[in-house]
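To start, the structure itself, in structure tokens.
Read-outs: derived from the displayed coordinates by stated rules, not from any lab. Note that this is a predicted model, so its numbers are computed, not measured. All Cβ positions, glycine included, derive from the backbone under ideal geometry; neighbour counts span all protein chains shown.
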Ligand code: PGA
């Protein structure tokens, strides 16, 4: 197990070609030895994957897709992108099961098929799990996480390319993060569920309103191997600050 720390920049449905200009400083950081523990991964919208891959050539920064189809190669599926296409563009990662994709109808079953398809094309998977506010209030967080993990990873034998992103849905885009003891408790629980299911220690990342203010606190949670950053990653200065505050 390496002691890499992951920093995922999830750009969601933001960015245009001119946004590439804002990435010069992060590109420099991505080449520096001082920060070689930082595994930086950008998830741009599909329209910018090519530009990002080109921009980050000869750096340690990788690029990933924001979703993929469950058919790994080609097919008559208007509007969709396959793992093969992501791979062909130079993507190394794909995020699967993000709550915003789950909210538009993606089920555990769909997610499981997508993970399997992406693994066939040798992509690394950022597999998102997390309870929503209703589930948190009903105090069923752990059974929700257990269901998402067990269904999402059903039938998978090789876990080497899978990372888990724990994102409490109520924390995404709200500016609210879990209290330290709650987060620690949930991360420990996820670890246990994963160990039981996979017999392996998969990296667990945290996501949900991570910013350059709360990172100094979040980095104290033990067992977290990195962060999935949405809105703060659109601002390179803030994203770099998050990386520096975590690594230093
Ligand atoms: P946020 O998004 O940092 O804007 O809360 C995180 C995510 O959805 O991955």
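I'd like the distance separating the alpha-carbon centroids of the range 1-43 and the range 151-185, in whole Å.
Cα centroid to Cα centroid, the span is 21 Å.
Name the residues of the range 164-196 whose amide N is less than 19 Å from a point 7 angstrom out from the Cα of residue 241 along the C-beta direction?
Flagged as within label range: 173-177.
Evaluate the distance, in nm, between pseudo-label points positioned 7 Å from the Cα of residue 188 and of residue 151 along their respective Cα→Cβ axes.
With each label point 7 Å from Cα toward Cβ, the separation is 2.8 nm.
What is the distance in Å between the Cα centroid of the range 115-138 and that of the range 231-248?
Answer, in whole Å: 24.
Based on the mean of other beta carbon atoms within 10 Å per residue, what is the order of 212-225, 120-133, 63-76, most packed first?
120-133, 63-76, 212-225
Within the range 218-248, what residues put their amide N at less than 17 Å from the label point 7 Å along the Cα-to-Cβ vector of residue 21?
Counting only backbone N, you get 235-237.
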